[in-house]
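Any read-out appearing in this document is the output of simple, stated calculations on the displayed coordinates, not a laboratory observation. All values reported here derive from a predicted model rather than from experimental measurement. Neighbour counts run over all protein chains shown; Cβ positions are idealised from the backbone, glycine included.
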Amino acid sequence: MQLNRKNLLGLEFLSAQEIKLILDTADNFKEVLQRKIKKVPALRGVTIANVFYEPSTRTRMSFELAEKRLSADIINFSKATSSVKKGESLRDTLENIQAMKVDIVVMRHGSSGAHKFASEFLEASIVNAGDGRHAHPTQALLDMLTLRGKWGTFTGKKVTIIGDIMHSRVARSNIWGLTKMGAKVTLCGPPTMMPIDVDQLGEGGVKVEYDLARAIENADAINILRIQLERQQAKLFPSSREYFEVFGVSPDVLKRAPAGCIVMHPGPMNRGVEIAQEVADGPQSVILPQVENGVAVRMAVLFLLAGGQAEDEEIAS
Amino acid sequence: MIDWKDKKEFWIAGTRIADPVAGRIRTGSVLIRRGLIEEISWQKKVKTDLPILEADGLLLAPGFIDIHTHLREPGFEDKETIETGTAAAAAGGYTAVVCMANTDPVIDDPSVVKYILKRAAESGSCRVYVNAAVTKGLEGVDICEYHHLKKAGAVSLSDDGKYISNSQVMRSALEYAGMLGLVVISHCEDPYLTNESQMNESYWSTKLGLKGAHAASEEIAVARDIRLAELTGSMLHIAHVSTAGAIELIRQAKKRGVVVTAEASPHHLTLDESMLENYDRNLKVNPPLRGKTDIAALRAALRDGTIDCIATDHAPHSAIDKQVEFDLAPPGMIGLETCFALLNTELVARGELELIDLVRLMTSGPADVLQLPGGKMEVGEPADLVLVDLDERWTPARENLRSKSSNSPLLGRELTGRVQGVFLEGKWLSAII
């Protein structure tokens, strides 16, 4: 099976089947990553530009590693060291990168919809590595790969996303991905960080619950979002210590969830603000496996957008 | 396309004559002499030696009047000039526009008013009236010299694009403007609630991950200004009303006798927030496109008189300005050349508004709001007229628009009803390129 798409802009545009295809392909690549030689020639001759307008550690390294594991040629761009400092527009920058015969552009940008805008004029495939508050599809896919690895299915599973939903592209992409695959999503966070009518988001909507204990009491997994201080233009909660008291996940809070509840965090963590040290490093945490799965998921996305078949021999070779 | 060479004296024969004051459309003929309406006859054919413009079946109405146009000159001539903006106006059927004050320099000094009127006399294709700023530099702090501005030719006052957030300043502005008989036009939004907003706050802003401006931000601002108008007894006009709640506030205020009028823009009447799904920057406007219930409320307000007029908020922006990320794009869309056709297509043709009411809302309606001349189909009035083929289907495109900018979401969308041209004091200007 093939993913007949040029771009990955957001999970709201994908069908459940397409998401499953990406996750299945990622599982195959996970196996590759266990080998002694972790490299396949699948994207040999394909050139990928990593264009990062916002700072990133995990996502950027993860994409770069995924590209290297697939034998692609890579060029990197970051806002801090580029002509953007000289006032070059996004359109000019991308058209110049394209003129260098790039096949895939992996981009992170602070403006919601920046990738949709880029898709209006780029011939290269675009992979969304985060746009404003809108979407971060590969993060949601790696979260889902991690959960599926534990559960085998999403049907009937309950996931609670905790924190600053308003500013979170991770939350939005998880809502779309999880609900499409049949999971139930509950959101929990301060009302000042809960965007309007968010209960209608996703396939069939989600639940909003302001009481943390109630929000997690039946959860099969919790996904704890980082409090994004850099995205907060106005003070939406009084202090970090009050936030931890009300919405922070401490060992005591976690006891309110079922014993097997999985703990996730997209990173980078503010230990002691949204997540306690003991929870982040505890037995229920899959935070480091999430990072590991990130590489496999990004390999799958790049491979499929480049026209690869899920059962392609090259994966196995 | 109408082929007409200018004559000093001529009949327009067999046309459907719209009289917005009488509220009627009736077939007849109109005699134009030396730039004035000399005679209105209810005969389809006229016996005369004078030249005749046969206008069988076409609609003849007073020239449209737009009280909310951004001509951009001086200062932003890359977006529009008085020459191109008034050419666009004439092509849209307008014979008069009121230009907004957010130029560079701002229209807060009599010299700028005079400059615009001089440029309009030199290069304009329609009458230009000047709206001056309420506060110096549109900064919302110090009120301008309204007496001097009025003497220079200003017809109204507005800091359009900005709400005067200091209530004392707005009160003083209304009191002082009231003394001079000038209307204050308010752009209503609570700037704290709309700070950095990109669109209406709703499910759609949540889905698209764009910061929203809630309807409440407009309604809070409208409520304050109505209360200040009530307090001062001065004339207040609410620009581009966009929410159901704001309409209800205006409706109630009118019932208790507050001197308040209101306008609606063609885009707020026809386009809704869900169209932003693809982050089209040409759909980014301020106030933002709202929801379907707001549109329904706006349309009802056209019918019950709560809305006094249609105003385009024609806001040209160059392709460079709009070829950017959504949050960096300046708000605004052009509207002069598509307003009548869009509303004819979406409202009149669908039975939501009578044709004569649309004509009234674009002629005598706006004239009454700012006490401007024109907007009447009466003997002795200047022959500022528009001729429309109500059945012609056409598709707006970059090539057939005269505005210097083409930031319109309507390009490529077929509309019904096309302005053929205008008479400005009897002089024919064809709309069709």
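Which value, in debye to the nearest 20, describes the size of the charge dipole of segment B:249-324 about its Cα centre when Lys and Arg Cβ atoms bear +1, Asp and Glu Cβ atoms bear -1, and nothing else is charged? Please report the intermediate quantities before stating the final value.
Values: 11 positive and 10 negative charges, 77 e Å.
Roughly 380 debye for segment B:249-324.
Residue separation of residue A:153 and residue A:256 scaled by 0.36 nm, minus their Cα-Cα distance, works out to 34.7 nm of gained length.
Starting from the Cα gyration tensor of segment B:63-370, take the square roots of the eigenvalues, sort them a ≥ b ≥ c, and report rounded, prolate or oblate (rounded when a/c is under 1.5, otherwise prolate if a/b is larger than b/c, else oblate).
Cα axes put segment B:63-370 in the rounded bin.
Out of all DSSP beta bridges in segment B:63-370, what portion is antiparallel? Express it as a percent rounded to 5.
Numbers: 1 of 27 bridges.
Approximately 5 percent, going by the DSSP bridge assignments.
The mean sequence separation of alpha-carbon pairs under 8 Å and at least six residues apart, normalised by the residue count of segment B:105-237, gives a relative contact order of 21 percent.
Quick one: grab the alpha carbon gyration tensor of segment B:77-208, order the square roots of its eigenvalues as a ≥ b ≥ c, and give me rounded if a/c is under 1.5, else prolate or oblate depending on whether a/b is larger than b/c.
On the way: a/c = 2.27, a/b = 1.19, b/c = 1.90.
Oblate.
How would A:91, B:398 line up from fewest to most surrounding beta-carbon atoms within 10 angstrom?
On the way: A:91 17, B:398 12.
By the 10 Å Cβ count, ascending: B:398, A:91.
Could you work out the relative contact order of chain B? I mean the mean sequence separation of Cα pairs under 8 Å and 6+ apart, divided by the number of residues, in percent.
Numbers: 1085 pairs, mean separation 87.8, N = 433.
Answer for chain B is 20 percent.
Can you compute the helix-only [θ] at 222 nm over chain A? Use -39500 (n - 2.57) per DSSP H run of at least 4 residues, normalise by all residues, nearest 500 deg cm²/dmol.
Details: 12 runs with 117 residues, N = 317.
That comes out to -10500 deg cm²/dmol.
FRET efficiency for residue A:38 and residue B:195, Cβ-Cβ distance as r, R0 = 41 Å, nearest 0.05? Calculated value: 0.30. For A:197, A:92, A:131, the sequence from fewest to most other C-beta atoms within 10 Å is A:92, A:197, A:131. Report for the protein assembly as shown the percent antiparallel among DSSP-assigned beta bridges with both residues inside it, nearest 5. Around 35 percent antiparallel, to the nearest 5.
The lysines within cross-link reach of residue B:211, meaning a Cα-to-Cα straight distance under 24 Å and a gap of 8 or more places when in the same chain, are A:79, A:116, A:207, A:235, B:162, B:284, B:292, B:322. Counting other Cβ atoms within 10 Å as a rough exposure proxy, the listed residues B:425, A:54, A:120 run A:120, B:425, A:54 from fewest neighbours to most.
Counting only aspartates and glutamates at least 8 places from residue B:47 when in the same chain, those with an alpha carbon closer than 19 Å to its own are B:9, B:38, B:39, B:56.
Only aspartates and glutamates eight or more places from residue A:38 in sequence, or on another chain, were considered; those with a Cα closer than 19 Å are A:24, A:27, A:64, A:67, A:73, A:292, A:311, A:312, A:313, A:314.
Contact order normalised by length for segment A:137-289, with contacts defined as Cα pairs under 8 Å and 6 or more residues apart; what percent is it? Mind showing how you got there, number by number?
On the way: 274 pairs, mean separation 35.5, N = 153.
Averaging sequence separation for qualifying contacts and normalising by length gives 23 percent for segment A:137-289.
Inside 10 Å of the C-beta atoms of B:324-332, what's the mean count of C-beta atoms belonging to other chains? Let's see the in-between values first.
Values: counts 6, 16, 9, 6, 5, 2, 0, 0, 0.
That works out to 5 on average.
Positive end of the dipole of the protein assembly as shown (Cβ unit charges, origin at the Cα centre): among B:374, B:267, B:86, the Cα lying farthest that way belongs to B:267. Note on segment B:63-370: with charges restricted to the Cβ of Lys and Arg (+1) and Asp and Glu (-1), its dipole about the Cα centre is near 660 debye. Calculate the length of the line joining the C-alpha centroid of segment A:250-291 to that of segment B:142-186, in whole Å. Using only Cα atoms to place each centre, the spacing works out to 59 Å. Counting other C-beta atoms within 10 Å, and keeping those with at most 16, which DSSP coil trypsin sites (Lys or Arg not before Pro) do you find in segment A:93-195? Sparse-neighbourhood loop trypsin sites (Lys or Arg not before Pro): A:101. Every Cα-Cα pair of the protein assembly as shown was included, and the share exceeding 47 Å stands at 32 percent.
Amide H contacts of residue B:420: B:387, B:388, B:389, each under 5 Å away and 5 or more positions distant or on a separate chain (H built 1.01 Å from N in the peptide plane; Pro and chain starts excluded). Other protein chain C-beta atoms within 10 Å of residue C-beta, averaged over A:191-197: 4.
Around the Cα centre of the protein assembly as shown, unit charges on the Cβ atoms of Lys, Arg, Asp and Glu (plus for the first two, minus for the last two) sum to a dipole of about 1020 debye. Shielding by partners for peptide B:198-211, expressed as the average number of C-beta atoms from other protein chains within 10 Å of each residue's C-beta, is 6. Here segment B:123-220 carries DSSP beta bridges of which approximately 10% are antiparallel, counting only pairs with both residues inside. Residues of segment B:4-44 with amide nitrogen under 12 Å from the 7 Å Cα-to-Cβ point of residue B:54? So the set is B:13-14.
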